[in-house]
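A quick write-up on the structure given underneath.
The values are calculated or read from the model by the stated rules, or taken from the named source; none is laboratory data. Bear in mind the structure is a predicted one, so any value in this text is a computation, not a measurement. Here the Cβ positions follow ideal geometry from the backbone for every residue, glycine too, while neighbour counts run over all protein chains shown.
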Amino acid sequence: MKTCLIAISLLALAFVNQMAFSQTKSKLFSIGANEILVYGENCITLTGDKANVHLVTVLHGNKTEFFVYDNGIRKGPYNTLSDNMIKDCGNTSEKECDVLQPSEIYTEPENYIEYDDEGKAWIKHNGKKNGPYDQILGIDMSLNKAVIYAVVLISGEQYLVSVTGKSVKITGAVNKLIVSADGTQAFVKTTGSVANISDLGNIDMNNLEKLAADMNNCHIFSIDGKKYGPYLTEQLRDENLWFVKNSPAWYMIVSNKLYMNGNYLSDIDDYVNSCDIRFTNDGKKYVIVDYDKISFSDGSVFFYPLKVEIEHFGDKLQCKWISIENSVDIIHYLKVF
């Protein structure tokens, strides 16, 4: 019996290892050689079965000759596209995104901030008060609500602080504060070295060119005291600095280059944004979903996806999609890596 159990365990382990880096490809059916898809009228469920693929095509160069594909069977041509020929797919417009969004502090700040009679600001957390601060310029909280971070003003100086007691001085006008899901990390993106209007008195107004150049640069400050940059503000947009929901790693896109924890990962297309990229839990592998292709960190690229679904599969990513290849073949892919 013990030998049998060991054999079963080894088989199970072999299956898991095979699934860990597997890829399958299956052709479901083909459309006509001179047909093109009517993209707004297709309904696809990624089961790997052609029965769950509903496509509408039109004859190339002829917008009045339609065909409908159900379960791989071609029907038509039709001169018009009636409602009963179109399958209701429900609301499928919402795109999955791993980017960690701001916490409830943004919508309910009164639950975490209070002001005393002198107008000083305090941060409330777990029955304790942290402060006082002259002003709170930005505030956010970890996903597990364990730690609150804030950008505060104290005697004319700016600081990134946490309720755990950490504090680091920062400079520049505050653009964005991000906090990791577990609360171990926080970053602030700032523009220039001028923190607020009162600092303009310390700048040589006769050198406006230098001032303009200063305001065209941005930096990133971490709660650990690290400073990254300078970067041109037009090359590092606020939305391209982020944490994900399942990892303390942080990411940014600068000048069409993707970075993790400040280290270069890959060049990417200029229209890719943070929600187009999905990472494994360890952040070492990723997939980028563009409108015209799917790119994996292992170097593989697949073109013309019609529908894509990605989910975390343990420490891996499980990717399912349907593509059109050779202009006519409808292909289902499953890739776990």
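Conditions tested, residue by residue: (1) in the same structural domain as residue 185 (by TED's automatic domain parsing); (2) within 20 Å of residue 312 (Cα to Cα); (3) in contact with a strand residue (DSSP E or B) (Cβ under 9 Å, 6 or more places away or on another chain).
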{"position": "215", "(1), (2), (3)": "yes, no, yes"}
{"position": "224", "(1), (2), (3)": "yes, no, yes"}
{"position": "242", "(1), (2), (3)": "yes, yes, yes"}
{"position": "254", "(1), (2), (3)": "no, no, yes"}
{"position": "264", "(1), (2), (3)": "no, no, yes"}
{"position": "268", "(1), (2), (3)": "no, no, yes"}
{"position": "275", "(1), (2), (3)": "no, yes, yes"}
{"position": "299", "(1), (2), (3)": "no, yes, no"}
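Determine if segment 67-76 includes at least one residue that is closer than 22 Å to residue 45 by Cα and modelled with pLDDT under 90. Can you show your working first?
Here is the first cut: in segment 67-76, the ones closer than 22 Å to residue 45 by Cα are 67-75.
Checking which are modelled with pLDDT under 90 leaves us with none.
No, there is no match, as no residue in segment 67-76 is closer than 22 Å to residue 45 by Cα and modelled with pLDDT under 90.
Got a sec? Which of 194, 174, 161, 151 is assigned to a strand (DSSP E or B) and at pLDDT below 95?
Values: 194 fails: assigned to a strand (DSSP E or B); 161 fails: at pLDDT below 95; 151 fails: at pLDDT below 95.
None of the others qualify; the one that does is 174.
If you check residue 20 against the conditions, is it of a type in the set (Gly, Ala, Ser), at pLDDT below 80 and over 18 Å from residue 322 (Cβ atoms)?
It is true that residue 20 is of a type in the set (Gly, Ala, Ser), at pLDDT below 80 and over 18 Å from residue 322 (Cβ atoms).
If you go through segment 300-315 one residue at a time, do you hit one that is more than 29 Å from residue 28 (Cα to Cα) and of a type in the set (Gly, Ala, Ser)? Write out each step before concluding.
Keep residues of segment 300-315 that are more than 29 Å from residue 28 (Cα to Cα), which gives 315.
Restricting the remaining residues to those that are of a type in the set (Gly, Ala, Ser) gives none.
No, segment 300-315 contains no residue that is more than 29 Å from residue 28 (Cα to Cα) and of a type in the set (Gly, Ala, Ser).
Residue 119 passes all but one of (1) of a type outside the set (Asp, Glu); (2) part of a loop (DSSP other than H, G, I, E, B); (3) in contact with a Ser or Thr (Cβ under 9 Å, 6 or more places away or on another chain); which number fails?
With (1) of a type outside the set (Asp, Glu); (2) part of a loop (DSSP other than H, G, I, E, B); (3) in contact with a Ser or Thr (Cβ under 9 Å, 6 or more places away or on another chain) applied to residue 119, the lone miss is (3).
Scan segment 154-169 residue by residue and report those that are touching a residue at least 40 places away in the same chain (Cβ under 8 Å) and surrounded by fewer than 20 Cβ atoms within 10 Å (Cβ to Cβ).
Let us first name the residues in segment 154-169 that are touching a residue at least 40 places away in the same chain (Cβ under 8 Å), namely 156, 160, 162-163, 166, 168.
Across segment 154-169, the qualifying residues are 156, 166, 168.
Taking the stated definitions as given, is residue 327 closer than 16 Å to residue 39 by Cα, touching a residue at least 12 places away in the same chain (Cβ under 8 Å) and not in a strand (DSSP E or B)?
On the way: closer than 16 Å to residue 39 by Cα: yes; touching a residue at least 12 places away in the same chain (Cβ under 8 Å): yes; not in a strand (DSSP E or B): yes.
Yes; evaluated as a whole, the condition is true for this residue.
What is the number of the single condition among (1) buried (at least 16 other Cβ atoms within 10 Å of the Cβ); (2) in the same structural domain as residue 143 (by TED's automatic domain parsing); (3) aliphatic (A, V, I, L, M) that residue 289 does not meet?
Result: residue 289 passes all but (2).
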